[in-house]
Amino acid sequence: MLRSAGRAVPLLPALILLAIFLVGPVLASFYGSFTDSALTGSAAQGSHFIGFANYIQLFQNPDFFKSVWLTIVFLIGSAVIGQNVAGLVLGLLMERGDRVMRSIVGTFVVTAWVLPEIVAAFAAYAFFHDKGTLNEILGAVGLHGPNWLYSLPMLAVILANIWRGTAFSMLVYTAALSEVPTDVTESAQIDGAGGWQRLGLITLPLIRRSISTNLMLTTLQTLSVFTLIFVMTGGGPGTNSSTLPILAYQQAFKFSELGLGTAIATILLVVGALFSIVYLRALKPEVD
Amino acid sequence: MTQGSIMKRFATAAALGIAAALVLAGCSAPGSTGSSSSGTIKVAYQKFGNFTQMDTQMKEVKKQFEAANKGVKVQLIPIQAAENDYYTKLALMNKAASTAPDVLYEDTFLIKADADAGYLAPLDGYVKDWSDWSQFPDNARQAGQGDDGKLYGVSLGTDTRGLWYNKDLFAKAGLPVPWEPKTWDDVLSAARTIKAKLPGVTPLNVYSGKPNGEASTMQGFEMLLYGTQDQLTDDSGKWVAGSKGFTDALGFVKTVYQDKLGPTPQQALDTNIGNLISGQWLPKGKLAIDLDGSWQSQNWLPSGAAPWPDWDKTMGWTAMPTQTGQAPGSVSMSGGWTLALGSKSKNKPAAWNFIKLALNKENSLNFDIIGTQIPVRDDVAADPKYSESNPSNAFFAGLVKNTHFRPATSDYPKVSNAIQVAMESVMTGQQTPDKAAKAYDDALKQAVGADHVVTK
Amino acid sequence: MAMTSPSRRHLRWTSNGILGLVGIAFALPLVWLVVASFDDHANLTLQWPRHFSLVNFEAVLTPDLAYVPLWNSMMISLGCAVITVAVAVLAAYPLSRYKLRINKPFLYGVLFGTCLPITAMMVPVYSLFVSLNLIDSEPGVVVFMAATSLPMAIWMMKNFMDSVPIVLEEAAWADGASMFTTLWRVVVPLMRPGIAVVFVFVFVQAWGNFFVPFILLLSPEKFPAAVSIFAFFGQYGSVMYGQLAAFSLVYSIPALALYVFTSRVLGGGSALAGAVKG
């Protein structure tokens, strides 16, 4: 018992920092979601416990369900499908491409990821703008692009998030693929298995654990994306791209209703937890 | 004792020590605001983008104050944030005694909510003994009142709204200059004439949609609504749903956008259309009529963001008419800012002295000129220096007599948001004015509670 | 690997081709950023500048706008990265080497921490900072950002540590070395690439963090570049594109440079891959 406690000592600084600065505020926020806490107005003097009233109000608000739906669309589009598939494809391609290509393409992909979020958001805004680069290119080949940010805001932000986040998945899958033992795939090839079969029946199952972890990490990171969407579309037009973090910001800061804002954040956590459970059940990786 | 357990203890101590040291370091970090000693007062205000006038003004007042009050220092805290973020930052600062400012630059429309929240100190006792107070007329005094009738802020200045128009473009289109529309139809027909005679020029701008926030609600919607028989609230203070005026105002917005008399919806939904209008469209003759605020010319002054030397030769101004020309004939909305006293201030007398100094005649006059504000003090309004400083000043100041104020309750932001949503849906053609008005009614009931709403 | 068989070469060409397209797709949004910053009449359209000019850079490279905020960003991000790495290495060791019951719940709990939108939590954090008297204090901001970077950092550090063979430590233990000596003398040197990766990861996140300093700092001279560029963007979003682009470049370069430096020195981003094997 004592030995175990002693061994946990290096965990202490982390535990202290996390407890004070993360767990504390999270619990306070969670509690806050059951109050009418506000930045101004009489409730700011002292908030009152109001039970589930915030949540009930959320569930009666059609904007809320639209926001949940948009968040799920954003998640599936840009994280589950977008970044993971793009990352996997890039990983596979990098294996077979030559070194120069690998490093050039890798640089561009990673640059999009390393750029500070607001710069990436601004670059994406300029790219998808009605008079921006994308429409200019389409125009050059004779196509008339729509006003992406206005007519297809979700598509624009999903593509932008894929652009921004794929590097992470690419690196994960590159490493995971490099550990797939070549003798297994080669013997399958000798046995007559085609490329796609090898991929689907051998390679992918072997990197199951990386896929599951990567899905979880990208999902959780994508859930909290705020600046990218805020700068590109502001959540609009109307509420057509207002995912949950944008809605939480609006409630908490524009309307100064903190209780509602934190209730939304709590729901966000629940969505994340649900997705994670699905991944773990579906992929059944062994975790130590 | 084994080497292992000594190391363990050392490690534990080290870990705790690191944490403690960091906290302590934070405490003694320079600039971390401890509780304000009686020797310093903190003055918080907004400084953002082109709006640097308050910063200039406060620096000047600080000099004067410190010269006259040895022993008291002024710490200026310019908050570099736009509208909502400024309110948020200020509210956060107000929540805690150690960061609460002594003097704050407070929007009139938040006074009631902030007074309710206990952030502001009542000023009735102080103004009683202030000789200058007689220079503030009644409606200016009311601007700083809380729900309990006590005074919480003293007005720095206010603003009004009207129609700016390009005299050259009007002449080219054969429209009369000076222009004096008497009804909504007059405004729309002038816009149609421009559209017919001057293709390539946007006839009329009415701010609309969520991205432009309060500009859409106040310069756009409320300038229309308050020109009808209806308003946002009735005399008892309840919110009004289902009024004809509301639907008519939405109808005007729909006409402007669907009949292509205004910017395209995409242009209107750009958060920076305000900058475009004052910086490019108006000076370059791309926009003929702009329903906007009295401060527009601020941009064109030599000290402004888009200096335009002969702006007053090209631009004309007139009042926005009521719907059918009914009394009082014109409509305007007013906002305005005040200086308020923080309730957690540890040196209220010194803070009050600062406010008095900042709002005396010379300082008020100076701020109203550089900030293109409409003065609230009678003596400043009457001062020839004010009317001479800007040709449009006298006109816009004259609109104050028919002006309206927003219902400044803490629910207002949600209602304003619902208005913007309604404007957007008729602007883009997604809903008819009737449907959008109905949606507003539903959102209104949800936002303020059904028992605060009266349906017409 | 034999590369001469025709199907292999064919595969390489296709892969290169697709890679090339992907590379272009990823580079495109960046092209505008670079081009517009040198254009004195920049607007949103991608256009070849009529005159190449440095006027945008001149306009933004002032102490107020650039130098002071960039310095603040450097201090804050460095401080945050150093603290995070140190604490994460310490924390990862027991998680990696000892099968404590706390492991799994801690790791998962910590992982969920990464998905919280900070915007909703800022008010309790503000109150917390007020009671600790850490408002408007750069060290306070550093510590907070370190705490919020810890979840990912610990996760990554643990994964790196997992791939360091335990044999060497067992030898050290057999020789009577304590946990800390082993950690410092044996494990850390072997983990240098991994530590560098976590450092860069945390630094880059901290470099781009706008919201936390905006809320927790009051004095404008303490703001990092993330806050000043956000203010710049809000003020001039539709008018001064060239300056915005120039400012964006200036602001991004340190983060990019750090990444390039570490990956050159430590053999490529494949090191990061080892961080998240799960």
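Here are some notes:
- In the stretch B:41-96, the residues that are closer than 20 Å to B:Ile355 by Cα, within 14 Å of chain C (Cβ to nearest Cβ), surrounded by fewer than 19 Cβ atoms within 10 Å (Cβ to Cβ) and at pLDDT below 90: B:Thr52, B:Asp55
- Residue in the stretch C:235-248 that is modelled with pLDDT of 80 or more, within 20 Å of the chain's Cα centre (by Cα) and either open to solvent by 30 Å² or more (accessible area, probe 1.4 Å) or away from chain B (no Cβ under 13 Å) (or both) present: yes
- Residue satisfying all of: in the stretch C:105-156; among the β-branched types (Val, Ile, Thr) and modelled with pLDDT of 80 or more; surrounded by the fewest Cβ atoms within 10 Å (Cβ to Cβ) among these: C:Val125
- Flag for A:Ser276 being of a type in the set (S, T, N, Q) and within 7 Å of another protein chain (Cβ to nearest Cβ): no
- Top-ranked residue in the stretch B:411-456 [being more than 20 Å from A:Asp63 (Cβ to Cβ) and assigned to a loop (DSSP other than H, G, I, E, B); ranked as least open to solvent (accessible area, probe 1.4 Å)]: B:Gly429
- Within the stretch B:188-199, the set of residues being in contact (Cβ under 8 Å) with a residue 60 or more places away in the chain and open to solvent by 60 Å² or more (accessible area, probe 1.4 Å) comprises B:Arg192, B:Lys195.
- In this structure, C:Phe180 does not qualify as farther than 26 Å from A:Ala19 by Cβ, open to solvent by 30 Å² or more (accessible area, probe 1.4 Å) and facing another protein chain (nearest Cβ under 7 Å).
- Some residue of the stretch C:94-102 being among the aromatic types (Phe, Trp, Tyr), open to solvent by 20 Å² or more (accessible area, probe 1.4 Å) and within 9 Å of chain A (Cβ to nearest Cβ): yes
- Residue satisfying condition, being closer than 27 Å to C:Met152 by Cβ, free of Cβ contacts under 8 Å to residues at least 40 places away in the same chain and more than 9 Å from chain C (Cβ to nearest Cβ), within set A:Val157, A:Val89, A:Val180, A:Val119: A:Val180
- Test: residue in the stretch B:262-272 that is open to solvent by less than 30 Å² (accessible area, probe 1.4 Å), more than 14 Å from chain C (Cβ to nearest Cβ) and modelled with pLDDT of 90 or more: yes
- Within the stretch C:20-75, tally of residues that are more than 7 Å from chain A (Cβ to nearest Cβ), outside any helix (DSSP H, G or I) and surrounded by 14 or more Cβ atoms within 10 Å (Cβ to Cβ): 9
- Positions within the stretch B:150-187 being in contact (Cβ under 8 Å) with a residue 40 or more places away in the chain, of a type in the set (A, V, I, L, M, F, W, C) and assigned to a loop (DSSP other than H, G, I, E, B), in sequence order: B:Ala173, B:Val177, B:Trp179
- When we screen C:Val142, C:Val164, C:Val89, C:Val82 for residues that are in contact with a Cys (Cβ under 7 Å, 6 or more places away or on another chain) and more than 7 Å from every other protein chain (Cβ to nearest Cβ), the only hit is C:Val142.
- Restricting the first member to the stretch C:75-94 and to residues that are farther than 18 Å from C:Glu169 by Cβ, and the second to residues that are open to solvent by less than 20 Å² (accessible area, probe 1.4 Å) and outside any helix (DSSP H, G or I), the beta-carbon pairs closer than 6 Å and six or more apart or on different chains are C:Ile76/C:Pro224.
- Test for C:Leu33: is it touching a residue at least 40 places away in the same chain (Cβ under 8 Å), out of contact with any strand residue (DSSP E or B) (no Cβ under 9 Å at 6 or more places or on another chain) and closer than 29 Å to A:Gln83 by Cα: yes
- Which listed residue is surrounded by fewer than 23 Cβ atoms within 10 Å (Cβ to Cβ) and more than 21 Å from B:Gln142 (Cα to Cα), from B:Lys344, B:Lys361: B:Lys344
- Residues within the stretch B:134-149 that are surrounded by 21 or more Cβ atoms within 10 Å (Cβ to Cβ) and in a helix (DSSP H, G or I), tallied: 2
- Pairs, first at the interface with chain A (Cβ under 8 Å from one of its Cβ atoms) and at negative phi in the stretch C:251-278, second modelled with pLDDT under 80 and open to solvent by 40 Å² or more (accessible area, probe 1.4 Å), C-beta under 7 Å, six or more apart: C:Gly274/C:Ser163
- C:Phe201 meets the conditions (1) more than 10 Å from every other protein chain (Cβ to nearest Cβ); (2) closer than 16 Å to C:Ala88 by Cα; (3) buried (at least 22 other Cβ atoms within 10 Å of the Cβ) in every case but one. The failed one is (1).
- Test: residue in the stretch C:98-121 that is closer than 19 Å to C:Phe199 by Cβ, touching a residue at least 60 places away in the same chain (Cβ under 8 Å) and assigned to a helix (DSSP H, G or I): no
- Residue among A:Ala14, A:Ala28, A:Ala44, A:Ala79 that is surrounded by 21 or more Cβ atoms within 10 Å (Cβ to Cβ) and at pLDDT below 85: A:Ala44
The values are calculated or read from the model by the stated rules, or taken from the named source; none is laboratory data. Not measured: the values here are computed from a predicted model. Reconstructed Cβ throughout: ideal geometry from the backbone, glycine too, with neighbour counts over all protein chains shown. Note: accessible area is taken over every heavy atom of the protein model, side chains too, but ligands, DNA and RNA are not part of it. Shrake-Rupley method; radii C 1.70, N 1.55, O 1.52, S 1.80 Å.
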